[in-house]
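Chemist: Attaching a single structure in structure tokens format; questions to follow.
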Amino acid sequence: MDERAVPQKNDKKKKRAVMRTIILAILIAAIGYTIYNSATAEEVSLLEVGDKAPDFTLVDLEGNDHKLSDYEGQGVFLNFWGTWCKPCAKEMPAMDRQYEAFSNDGVQVLAINIAQSDFEVQSFADQYGLSFPVVIDKTKSVMTAYSIRPLPTTVLVNPDGNIQRIVTGEMTEQDIEGFMEEIKPE
Amino acid sequence: MENLQCQCGHTNPPGTKLCESCGRSLTEKDQNSKLVDMRYEGTARRSQTYNKSIIDKIWNFFSSVKVGVSIIVVLLVAAAIGTILPQQAFVPASTEATIQAYYADTYGSIGRVYHALGFHDLYSSYWFIALVGMLAISLVIASLDRFVPLYKSLKNQRVLRHPSFMDKQRIYGSGPAAEDTLEKAETKLKELKYNVRTDKNGLLAEKGRFSRWGPYVNHIGLIIFLFGVMLRMIPGFYIDESLWLREGETRAIPEVPGYYLENKGFALENYTGEGGEEVFGEALDRVGTVAKNYQTDVVLYQNSEDALPGAADSQEVVAEYPIRVNQPLKFDGYAIYQMDFRLDELKAMTFALTNKETEESLGELTIDLINPVDNYELEGGSTVELLGYYPDFSGFENGEPQTATPLPNNPGFLVELTTPETPEGETSFITIQNTVEPLGENDFKLTFLSADTRDVSGLTVRKDSTLPILGLGGLIFMIGVAQGMYFNHRRFWIQQKADGTVLLAGHTNKNWFGLKKDLDRVVEYASLPAYTDQQDEIDKVEKAEKEGETLS
């Protein structure tokens, strides 16, 4: 082999190494992305902390409209519940007490019932003497928009209208107090 | 590794078996064998040539067919394991804990192990996806590693080959021939649709080279197919959601923002064997009922553009459609299929207010279980006040009636009955076939008369934007298969030496019978020397040897 051929050979080698690296990188990236997507598939439709809370409008038991965006500037404590859900019922009195304490500080509670009848929701509200508005998501559209799976789920919306925290499962009174403190406007 | 210099002067990459230029065998083993190994034209698989950096090592690992086949075998075994018990998507449980309990309860310790090993969600497990991905890497690299040298080799092949290349071809012949033999052979080969190239005293006739690309086209199809499958994991490309919709209900369609579906009614029709269906009579007698139609009449609504979720009066009717099996409601890239149903869920119950002693009725009332009201006035001045409603009564807790679900599976009512005779009211707790009188013996009771029911439609919401990609992948795959299976790459090399002797060799990647038929016609027309199939000779010798062994 003569002298001139040597750099040419090195060039070829370099080119080959670069090609191989690129092809492998693309393939591994594609697989990594697929695995990542599959691992997060469950949560992918779920809202994340920091997202803008999807706006909605629902009617409460007195017939008043409650539009989420009307509460901008206040912290909103969205509690998704049903009368059949025991932990939901358990945390209601604590929520009510904390609502009394925080309502003057700009924290609003909206209890969103999942598609039950007016009668059931009304008698539940009466039984527990709830003072915050209770709205009914008749078509489950808000539930779908918020990708709510287990009940109870509580979505905390800060005064900017962004999601501050998502809580699934029952909360203690201390939890509720802490959460309301978090979304209280300055 | 060093480059290999052939006697003809050509420099070959390391690992080459047959000189790229003249075809001489380059290794001792090949020189001594009777026939040459023509796979990949004796070129060096690119991966075999260098093995230095970590990239090269990974590359070489995936280039190996053995590795590829091993991955396929592991995938097959894993996929088979996934079919032993139902996957979690098909078990009647939805949360992590209930799914685990379901496997343990239904399948015992096998189910427990199956769940513990993660086989209940095998096909979307990270290791299964990783295996499929490794198969994709193997397909790409193994193909590239073989296709590129093969392509180059076939593109650059010379007409004149060294006699040692020719006499090691399976089809070989040599002998004296007339002077115009080459020209005549060329004419005949062209007539047989061969591409013929000549160089000095030799010719190369070739046909169907594209069939050699079959496996690689095939692999491209597979890669496209796998790419389509990969897209399914990416949000927005693939939706497969189920929606249980009761008659009369309107619900937001999951994963389809802004759309609502109302169930106007579900119908299950069976074949009756009457009215033109007499032909089915015999079959119906044999098997009993046969379903003729499952149908859900639906109305599709869409939120007007700026309407918010939950807003009641902002929905516009988009379509009314009877969804039947295989006749989905299609809109905007989505399709809603009829998949399942449940008949006769309780919807309303009718009671009579009766005097326990005289069994005289004071009137009837119907309680709508979906939307009960709190007061029912009866004609004779009696009233029934609903104090509590428990759609799926599950017992008492601290004296408080409980409901297990929001569905009216086992409705319980706490009522106060007021009649002209008992103006102060009587309290009664009613469930199906049971009445409790918590505040003492009553004079009146509610007697169950009848129940209304409604059906539930099980619908599936589906969107699959990857179908065209999967289709394309499948088509290319099939083209590759046909290309490689139904066409052959045939070549003949013919040389005439100065003394008039003709050397003749032939090669095909498959269908040697067809090659010989072509060659027979050329031999006859151009009076070429007779040829032999050297593989046959070898086989014969081996067979004879074997027989000899058994005899001795």
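Here, each number is a calculation from the coordinates, and none is a lab measurement. None of these values were measured; they are calculated from a predicted model. No Cβ is skipped: glycine too gets one built from the backbone with ideal geometry, and neighbour counts run over all protein chains shown.
Chemist: When the Karplus curve 6.51 cos²θ - 1.76 cosθ + 1.60 is applied with θ = phi - 60°, which whole-Hz ³J(HN,Hα) does each residue of segment B:85-93 get, with x for Gly and Pro?
Modeler: Working through the residues one at a time gives 10, x, 6, 4, 5, 10, 9, x, 8 Hz.
Chemist: Hey, another quick one. Can you give the FRET efficiency to the nearest 0.05 for B:W244 and A:S69, using r as the Cβ-Cβ distance and R₀ = 35 Å?
Modeler: After rounding to 0.05, the efficiency reads 0.65.
Chemist: Determine the alpha carbon to alpha carbon distance for each of B:K152/B:K510; B:K510/B:K540; B:K17/B:K66; A:K52/A:K138; B:K17/B:K184; A:K12/B:K510 and list only those over 25 Å.
Modeler: Pairs exceeding the cut-off: B:K17/B:K184; A:K12/B:K510.
Chemist: Dipole magnitude of the protein assembly as shown about its Cα centre, charges +1 at Lys/Arg Cβ and -1 at Asp/Glu Cβ only, in debye to the nearest 20?
Modeler: 9620 debye
Chemist: Once the dipole of the protein assembly as shown is set up with Lys and Arg at +1 and Asp and Glu at -1 on Cβ about the Cα centre, which of A:N10, B:N303, B:G23 lies farthest towards its positive end?
Modeler: Working it through, the farthest residue towards the positive pole turns out to be B:G23.
Chemist: Which residues in segment B:381-395 place their backbone N less than 20 Å from a point set 7 Å from the Cα of A:Q122 along the Cα-to-Cβ direction?
Modeler: Under cut-off, by backbone N: B:382-392.
Chemist: Now for a different question. Mind jotting down the distance between the C-alpha centroids of segment B:120-155 and segment B:340-376, whole Å?
Modeler: A separation of 66 Å, based on Cα centres.
Chemist: Between B:A451 and B:R324, with labels modelled 7 Å along Cα→Cβ, what's the label distance in nm to one decimal, could you check?
Modeler: 3.1 nm
Chemist: Now, a different point. When the chain is fully extended, how far beyond the present Cα-Cα distance does B:E282 get from B:L439, taking 0.36 nm per residue of separation?
Modeler: 50.5 nm
Chemist: Further question: Which listed residue (B:N371, B:P423, B:T95) has the Cα farthest towards the positive end of the charge dipole for chain B, taking +1 on Lys and Arg C-beta and -1 on Asp and Glu C-beta about the Cα centre?
Modeler: Checked the options; the winner is B:T95.
Chemist: Now for a separate question. Using a simple spin-label model with points 7 Å from Cα along the Cα→Cβ vector, what separation in nm is obtained for B:L117 and B:T198?
Modeler: 6.9 nm
Chemist: Sticking with this structure for a sec: Which lysines does B:K445 reach when only Cα atoms under 18 Å apart count, and residues fewer than 8 places away in its own chain are ignored?
Modeler: Within the straight-line limit of under 18 Å, B:K445 reaches these lysines: B:K356.
Chemist: Would you mind telling me the antiparallel percentage of the DSSP bridges in chain A, rounded to 5?
Modeler: So the antiparallel bridges amount to about 60 percent of the total.
Chemist: Going by amide H atoms built from the backbone, whose H comes under 5 Å of the H on B:Q5, apart from near neighbours?
Modeler: B:N12
Chemist: Below 8 Å, C-alpha to C-alpha, sequence gap of six or more: please give me the relative contact order for chain B in percent.
Modeler: Computed over chain B, the figure is 18 percent.
Chemist: Let me ask you something else. Counting other Cβ atoms within 10 Å of each Cβ, which GluC sites (Glu not before Pro) in segment B:297-346 have at most 13 and sit in a DSSP loop?
Modeler: The qualifying sites are B:E305.
Chemist: Taking only Cα atoms and a 10 Å spring cutoff, compute GNM fluctuations for chain A and point out the largest among A:K12, A:K138, A:K86.
Modeler: In the Gaussian network model the winner is A:K12.
Chemist: Further question on the same structure: Show that you can apply the helix-only estimate: for chain B, add -39,500 (n - 2.57) for every DSSP H stretch of four or more residues, divide by all residues, and state [θ] at 222 nm to the nearest 500.
Modeler: Using -39500 (n - 2.57) per qualifying helix, the result is -10500 deg cm²/dmol.
Chemist: Right, something else. For segment B:45-153, what is the convex hull (Cα atoms) projected area averaged across all directions, in square nanometres?
Modeler: 8.7 nm²
Chemist: How high is the FRET efficiency from B:E547 to B:S527, r the C-beta distance, R0 30 Å, rounded to 0.05?
Modeler: The pair B:E547/B:S527 has a calculated efficiency of 0.20.
Chemist: On average, how many beta carbons from a partner chain sit within 10 Å of the beta carbon of a residue in A:134-143?
Modeler: The shielding value for this peptide is 6.
Chemist: Which residue, B:Y531, B:T435, B:G514, has the largest displacement toward the positive end of the dipole of segment B:405-552 when charges sit on each Cβ (Lys, Arg +1; Asp, Glu -1)?
Modeler: Of B:Y531, B:T435, B:G514, it is B:Y531.
Chemist: Quick one: putting +1 on the C-beta of Lys and Arg, -1 on the C-beta of Asp and Glu, what dipole do you get for chain A around its Cα centre, in Debye to the nearest 20?
Modeler: About 2120 debye.
Chemist: Could you tell me how far the Cα centroid of segment B:57-118 sits from the Cα centroid of segment B:217-248, in Å?
Modeler: 20 Å
Chemist: So if I take the centroid of the Cα atoms in segment B:265-282 and the same for segment B:403-462, what is the distance between those two points in Å?
Modeler: 38 Å
Chemist: For the protein assembly as shown, what does the convex hull of the Cα positions come to per residue, in cubic angstrom?
Modeler: 314 Å³
Chemist: Same structure, new question: Sort B:I370, B:I84 so that the residue with the fewest other Cβ atoms within 10 Å of its own Cβ comes first and the one with the most comes last.
Modeler: With the sparsest Cβ surroundings first, the list reads B:I84, B:I370.
Chemist: Let me know the charge dipole size of segment B:270-334 about its Cα centre in debye, to the nearest 20, where only the beta-carbon of Lys, Arg (+1) and Asp, Glu (-1) is charged.
Modeler: Dipole about the Cα centre, nearest 20: 300 debye.
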